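The values are calculated or read from the model by the stated rules, or taken from the named source; none is laboratory data. These figures come from a predicted structure and were not determined experimentally. Quick reminder, even Gly has a Cβ in these numbers, built from the backbone with ideal geometry, and neighbours come from all protein chains shown.
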Amino acid sequence: MCGSASGRVMEVIESLVEKADGFLQRVGRPFVTLSYAQSLDGCISARAGEPLAISGSESLILTHQLRAHHEVILVGIGTILSDDPRLTVRLVEGKNPRPVILDSRLRVPATARVFSQNGRSPMVVTRNGNSQERCRALVEVGATVLTVDPNSRGQVSLHSLLDRLGQMGVKSVMVEGGSRVITSFLLARLADYAVLTVSPVFVGGLRAVSDLNQSDPKCFLRIKNPGHQWLGDDLILWGDLA
Ligand SMILES: NC(=O)c1ccc[n+]([C@@H]2O[C@H](COP(=O)([O-])OP(=O)(O)OC[C@H]3O[C@@H](n4cnc5c(N)ncnc54)[C@H](OP(=O)(O)O)[C@@H]3O)[C@@H](O)[C@H]2O)c1
């Protein structure tokens with residue numbers, strides 16, 4: 001354990017806790033925070049399928065602080081296969097959020113670190129049509145397999161998933177990536193708040209956000225009530241997503 005987020009960054013955490021309070025009752029789904037670390041040119045890794053440590057140590061502490069203030073941490077199967085993340089809170093005091101993995105075809109290996117580290121039953125979210133044997137192997141390592149409606153691309157429908165999480169009483173979800181999942185949340189207009197780390201490097205690799213099908217600048221997705229703070233060499237940007 002080493003440290004805590006300080007200064008204006010504590011305001012971010014307090015603000016999102018306040019925004020998440022009562023959101024489920026009002027809106028019928030959990031409050032969603034999008035949070036990831038990108039380079040100056042908007043990349044989250046050098047190549048798809050490869051991890052890249054992009055944040056400085058102070059921004060990493062912030063990420064763990066954010067994790068500790070959300071009930072669920074959500075990533076795509078691409079991130080599990082490339083980074084094998086633990087998705088735990090290690091750099092500050094706090095509870096681990098429950099991991100949720102979007103995985104339409106149940107490709108997640110039962111040996112993934114998320115199953116042995118977290119202490120809270122990770123949820124693998126899929127669509128129907130997968131083998132019972134795969135489901136059983138995941139249940140054996142402590143996972144819960146949740147089947148939801150597919151979207152038009154045959155992947156997990158984010159609307160159905162958030163409805164189901166809401167019915168389970170989940171109040172807050174932190175979406176950490178990767179690129180396809182970030183893009184899907186933005187496209188579906190299902191992210192309510194963003195906390196982004198911008199690291200002062202050019203990477204020229206995998207963009208955090210791909211095609212959002214936007215052409216009219218008046219309709220571009222934007223952060224409202226923006227705030228910022230330097231943490232070491234990294235710029236932290238936050239605000240409400242319309
Ligand atoms: N810098 C950072 O903060 C950060 C954070 C996280 C990850 N990353 C990086 O991001 C990269 C991985 O990104 P990625 O785009 O390849 O994978 P990803 O976004 O982690 O996972 C995408 C996969 O999730 C599944 N999925 C199911 N439902 C989905 C939905 N509604 N929308 C989108 N995806 C859905 C799809 O696979 P199926 O069709 O098989 O279900 C899809 O291919 C890695 O290089 C990792 O290091 C960086």
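State which residue pairs qualify: first residue farther than 17 Å from PRO150 by Cα and inside region 113-136, second residue loosely packed, with under 15 Cβ neighbours inside 10 Å and among the acidic types (Asp, Glu) in any location, beta carbons under 6 Å apart, and separation of 6 or more residues or different chains.
ARG113/ASP84
What are the pairs, 6+ residues apart or on separate chains, where a residue within region 98-111 that is within 8 Å of VAL124 (Cα to Cα) and in contact (Cβ under 8 Å) with a residue 40 or more places away in the chain has its Cβ under 8 Å from a residue that is in a loop (DSSP other than H, G, I, E, B) and more than 11 Å from the ligand (Cβ to nearest atom)?
Hits for this filter: VAL100/PRO122.
Answer yes if at least one residue in region 37-53 is within 13 Å of the chain's Cα centre (by Cα) and under 19 Å from GLY239 (Cα atoms), and no otherwise.
For region 37-53, residues within 13 Å of the chain's Cα centre (by Cα) and under 19 Å from GLY239 (Cα atoms): present.
In region 50-61, which residues are out of contact with any Asp or Glu (no Cβ under 6 Å at 6 or more places or on another chain) and either more than 12 Å from the ligand (Cβ to nearest atom) or closer than 18 Å to SER184 by Cβ (or both)?
SER57, GLU58, ILE61
Would it be correct to say that ARG153 is over 22 Å from SER121 (Cα atoms) and either out of contact with any Lys or Arg (no Cβ under 8 Å at 6 or more places or on another chain) or within 12 Å of the ligand (Cβ to nearest atom) (or both)?
yes
Results for (1) in contact with a His (Cβ under 6 Å, 6 or more places away or on another chain); (2) buried (at least 21 other Cβ atoms within 10 Å of the Cβ); (3) closer than 16 Å to VAL92 by Cα, shown as yes or no for each residue.
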{"position": "ASP21", "(1), (2), (3)": "no, no, no"}
{"position": "PHE31", "(1), (2), (3)": "no, yes, no"}
{"position": "CYS43", "(1), (2), (3)": "no, yes, no"}
{"position": "ARG47", "(1), (2), (3)": "no, no, no"}
{"position": "GLU50", "(1), (2), (3)": "no, no, no"}
{"position": "HIS70", "(1), (2), (3)": "no, yes, yes"}
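State all residues of region 143-162 that are part of a helix (DSSP H, G or I) and crowded, with 16+ Cβ neighbours inside 10 Å; if no residue qualifies, say none.
Within region 143-162, LEU158, SER160, LEU161, LEU162 qualify.
Please specify each residue of region 120-137 satisfying the condition of being of a type outside the set (S, T, N, Q) and within 21 Å of the chain's Cα centre (by Cα).
Once the filter is applied, which keeps residues that are of a type outside the set (S, T, N, Q) and within 21 Å of the chain's Cα centre (by Cα), region 120-137 yields ARG120, PRO122, MET123, VAL124, VAL125, ARG127.
Which condition from (1) surrounded by 23 or more Cβ atoms within 10 Å (Cβ to Cβ); (2) more than 15 Å from the ligand (Cβ to nearest atom); (3) at positive phi is the one that LEU87 breaks?
(2)
Conditions tested, residue by residue: (1) at pLDDT below 95; (2) of a type in the set (Asp, Glu); (3) within 20 Å of ILE182 (Cα to Cα).
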site	(1), (2), (3)
CYS2	yes, no, no
ASP21	yes, yes, no
GLN25	no, no, no
LEU34	no, no, yes
GLN38	no, no, yes
CYS43	no, no, yes
LEU74	no, no, yes
ILE77	no, no, yes
PRO99	no, no, yes
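Just for region 173-216: of the residues that are part of a loop (DSSP other than H, G, I, E, B), touching an Asp or Glu at 6+ places or on another chain (Cβ under 9 Å) and not polar (S, T, N, Q), which one is farthest from the ligand (Cβ to nearest atom)?
By that ranking, first place goes to ASP192.
Those residues that are within 16 Å of the ligand (Cβ to nearest atom), small (Gly, Ala, Ser) and closer than 22 Å to ARG90 by Cα, I need them from region 103-133; list them, please.
ALA112
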